[in-house]
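Shown next, in structure tokens, is the structure this report addresses.
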Amino acid sequence: MIRAAAFLLLASPACADLTFQVPATNTFRETRALSSHRVAMGPYDGALPVEVVEGAMTRSNWQLDAADLTTLQVLAPLREALTADDWQIVYECNTKECGGFDFRFEIDVTPAPEMFVDLSDFRYLAAQKDDAWRTLIVSRAGQAGFVQETRIDPATDVDNVIKSASSTAPPPAINVDSDVARVLVQTGRAVLSDLDFATGSTELAADNYASLEALAAFLQANPDTTIAVVGHTDAEGSAEGNMAISRQRAQSARRLLIDRHGIAPGRIETHGVGFFAPLTRNDTEEGRELNRRVEVIITSTE
């Protein structure tokens, strides 16, 4: 049986929030008093036709339980809610219609793991109402759906937008006793920098790493916290192969957290994003080494 699709509650261009009928987590939110956003106005065909719009910007990313939903089933109710609120759909496309790989890397996308765009299954929508703009990107990875919404509104009361965004920020955890924990509390994510992988390697050379010890201590002190371990690769090799390698790297770190440090398996999920979220360029050995990494993000919402 197909689950109920997502829908959008719209109060005003500046303050309405995405609301879903399936379990969803707001993984990222950024508000800027004045910024610019490149709105795609057509498919990539050697270049991407865009309109650069300026104003108060709010960007939000969501991860949802989309095991029984297609990207169209996620997007369609959002589109219907926009049009019902007098937003005009300016441009909409699906994967190859958009221009595939080239389109995705020309638009503004929050890096993984907050946003993941499957190059074989994504949808884009741009809508306008008066001088305000909204863009949506919808994609999937495994059982998860990913939604990014960007809003630009020149008429928004910027001070109220920033105040509202700040008031919804989650409170910091109480137990913080390591650098990894401090970074997690401050940003929700941390790189486990001592987990080194050679190109193509998926196994950790040792079984004792300071970053995993610190992470395990943090999890033991915060028993309600759950995490995702996310593997990354450099750009050598195919996209499909690197997706598998990055997932296996995350699983290697998860095994150590479970087997050596006694963390309950249900508190740790794993993902691999291949080379789609680099920290730096891949055309130097130093850059590739930095990009081969494992990150951890907090997934619990309370």
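Residue 123 sits among other residues whose Cβ lies under 12 Å from its own Cβ, and their net charge, with Lys and Arg +1 and Asp and Glu -1, is 0. Sorted largest first by accessible area at a 1.4 angstrom probe radius, with every protein chain in place, the residues 292, 123 fall in the order 123, 292. Overall shape: oblate for segment 19-96, with the ratio a/c of the largest to smallest alpha carbon gyration tensor axis at 1.5 or above and b/c at least equal to a/b.
Summing Cβ point charges (Lys, Arg +1; Asp, Glu -1) relative to the Cα centre of segment 214-302 gives a dipole of roughly 260 debye. Name the shape class, rounded, prolate or oblate, that the alpha-carbon gyration tensor gives for segment 190-246, where a ≥ b ≥ c are the square roots of its eigenvalues, rounded holds for a/c under 1.5, and otherwise prolate holds if a/b is larger than b/c and oblate otherwise. It is prolate, given that a/c is not under 1.5 and a/b is the larger ratio. Counting only protein chain heavy atoms and rolling a 1.4 Å probe, the accessible areas of 59, 134 rank, largest first, as 59, 134. Once each part is reduced to its C-alpha centroid, what is the distance from segment 76-126 to segment 220-249 in angstrom? Spelled out, the Cα-based centre of one part sits 25 Å from the other. Taking 7 Å steps out from each Cα toward its Cβ at residue 76 and residue 260 produces label points 4.9 nm apart.
In this structure, residue 45 and residue 88 have a Cβ-Cβ separation that, at R0 = 30 Å, corresponds to a calculated FRET efficiency of about 0.80.
The values are calculated or read from the model by the stated rules, or taken from the named source; none is laboratory data. Bear in mind the structure is a predicted one, so any value in this text is a computation, not a measurement. Cβ sites come from the backbone with ideal geometry, for glycine too, and all protein chains shown count toward neighbours. Calculation scope for accessible area: heavy atoms of the full protein, side chains included, ligands and nucleic acids excluded. Shrake-Rupley method; radii C 1.70, N 1.55, O 1.52, S 1.80 Å.
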